[in-house]
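A quick write-up on the structure given underneath.
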Amino acid sequence: MTSQNYPLLKKGTYLNTAYMGLMSESLSNFRRDFEMRYLNEGESYKLNADNLLFETHKNLSNFFGAKEKNTFVIPNFSTGIKHITNYLSTKLNILLIKDDYPSLVKAFDEKKFNIESIEIQTNLELEIERRLNSKKIDVLALSIVQYASGLLIDINFLKKLKCQYPDLIIIGDGTQFLGAHIFDFNSSPFDVIASSGYKWLLAGFGNG
């Protein structure tokens, strides 16, 4: 990241990427040109949309170490997590963190899943393990970085859980995580990752 491409960095140090990432000058130019093509080309603007989507899927899958056929573009995390819950039986038992990102919790709550909740706490991983040992849990859904506290869930801990409970579905909110940490989906413990792109990925609003 250089100040030449990020005008705001010419004024000082930016420390609030966890809330909202910066927009680069190159991204701003791309978005402006993209909208101008829509303005000036009408229906022909749409004709190449499939090619652009194909390239986007390819680039995203390569960047995150995922299979291209399993990589999708969404408007944001909140929309994505609702799509994910459509593929899950409401008879499943879901383990959530009580004060996790509201859109994550709401997506499961709205569809009346059987929900187990745990409080955010210092020994969160130990409490997750204890709950899995004592209850029949089918799905663990959580933000990899807790949005309110910044607590980072131990990925190696989740890998251990996946080994202990191979049928456990692990769903991650990567909005606070992707772009700030090295991540390879195929070697991760997650079955699904959904994320908005406006934070550490510096991709602006309207994409995930």
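Points to keep in mind about this one:
- Gaussian network model of the chain, Cα within-10 Å springs - most flexible of Asn70, Asn186, Asn40: Asn40
- Accessible surface, the range 107-171, averaged per residue in Å² (probe 1.4 Å): 53 Å²
- From its DSSP helices (H runs of at least four residues, each -39,500 (n - 2.57)), the chain gives a residue-normalised ellipticity at 222 nm of -11000 deg cm²/dmol.
- Rounded percent of accessible protein surface that carbon and sulfur make up, the range 1-104, 1.4 Å probe: 55 percent
- Semi-axes of the equivalent ellipsoid for the range 38-78, computed as √(5λ) from the eigenvalues of its C-alpha gyration tensor and ordered from largest down, come to 25, 13, 7 Å.
- Gyration tensor (alpha-carbon) shape descriptor, the range 1-120, a/c threshold 1.5: oblate
- If you plug the beta carbon distance of Asp99 and Tyr45 into 1/(1 + (r/R0)^6) with R0 = 35 Å, you get a FRET efficiency near 0.20.
- Nonpolar atom fraction for the range 106-195, defined as the carbon and sulfur part of the 1.4 Å probe accessible area, stands at 50 percent.
- Overall form of the range 94-148 per C-alpha gyration tensor (a/c, 1.5; a/b vs b/c): oblate
- Under the simplified labelling scheme, the Leu53-Lys106 pair shows an inter-label distance of 2.6 nm, with each label point 7 Å from Cα along Cα→Cβ.
- Once the 1.4 Å probe is applied to the protein heavy atoms, the range 1-90 comes out at 75 Å² accessible per residue.
- Residues considered: Ile118, Ile193, Ile81. Largest GNM mean-square fluctuation over the chain, using C-alpha springs under 10 Å, is found at Ile118.
- Longest site-free stretch - the chain; sites: GluC sites (Glu not before Pro), DSSP loop, at most 12 other Cβ within 10 Å: 120-208
- A 1.4 Å probe over all protein chains sorts His57, His83 by accessible area into His83, His57, starting with the largest.
- For the range 51-107, a/c is not less than 1.5, where a ≥ b ≥ c are the root eigenvalues of the C-alpha gyration tensor, and a/b tops b/c. That puts it in the prolate class.
The values are calculated or read from the model by the stated rules, or taken from the named source; none is laboratory data. Treat the numbers as computed from the prediction; the structure is a model and nothing was measured. Note that each Cβ is placed from the backbone with ideal geometry, even for glycine, and that neighbours are counted across all protein chains shown. Areas reflect the complete protein model, heavy atoms only, side chains present, ligands, DNA and RNA absent. Shrake-Rupley method; radii C 1.70, N 1.55, O 1.52, S 1.80 Å.
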